[in-house]
Amino acid sequence: VQLQASGGGLVQAGGSLRLSCTASRRMFSNNGMGWFRQTPGKEREFVSAISWNGGSTSYADSVKGRFTISRDNAKSALYIQMNSLKPEDTAVYYCAAARAAGLRFTQRDYNYWGQGTLVTVSS
């Protein structure tokens, strides 16, 4: 089973990007999913999570109001729309599938990870 993240790139501050994550097979319709990010020398940090049916979402305070997570279980796809990007959003972004159906906020609650996609926000 593989998760494939895509959509990263270089964008100016204030711009937008939409990251996508697709699964190799349709096994994540019953799992919560999430996005994390990591910069060199720092721990991977939670960005956002979504429950199995999309009914519940959660965001880190640093992205609340600017990022929107969503999913399409029919396509085995996870998305995050990132608006009003800031230079401090620069990181490698990872998608992940949780063991449980609800919202999960820590890395240890996720057992499948994508390879990461780099987002660079220039000032």
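The values are calculated or read from the model by the stated rules, or taken from the named source; none is laboratory data. In this text, all values refer to a predicted model and were calculated from it rather than measured experimentally. FYI the Cβ positions are ideal-geometry reconstructions off the backbone, even for glycines, and counts take in every protein chain you see. Side chains are part of the model used for accessible areas, which takes the heavy atoms of the whole protein and leaves out ligands, DNA and RNA. Shrake-Rupley method; radii C 1.70, N 1.55, O 1.52, S 1.80 Å.
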Quiz prompt | Residue ID - nearest to L3 (Cα to Cα), chosen from residues in the stretch 77-101 that are in contact with a Phe, Trp or Tyr (Cβ under 8 Å, 6 or more places away or on another chain) and open to solvent by 20 Å² or more (accessible area, probe 1.4 Å) | solution = Y94
Quiz item: Out of all the residues in the stretch 102-123, which are open to solvent by less than 40 Å² (accessible area, probe 1.4 Å), among the small types (G, A, S) and either in a loop (DSSP other than H, G, I, E, B) or under 22 Å from D61 (Cβ atoms) (or both)?
Solution: G102, G116
Quiz item: Can you spot a residue in the stretch 21-34 that is in a loop (DSSP other than H, G, I, E, B), closer than 20 Å to G102 by Cα, open to solvent by less than 20 Å² (accessible area, probe 1.4 Å) and touching a Ser or Thr at 6+ places or on another chain (Cβ under 7 Å)?
Solution: yes
Exercise. Consider G65 carefully, then state whether it is modelled with pLDDT of 95 or more and open to solvent by 60 Å² or more (accessible area, probe 1.4 Å).
Key: yes
Quiz item: Counting only residues that are at pLDDT below 95 and either over 12 Å from the mean Cα position of the chain (by Cα) or within 17 Å of R37 (Cβ to Cβ) (or both), how many does the stretch 73-96 have?
Solution: 4
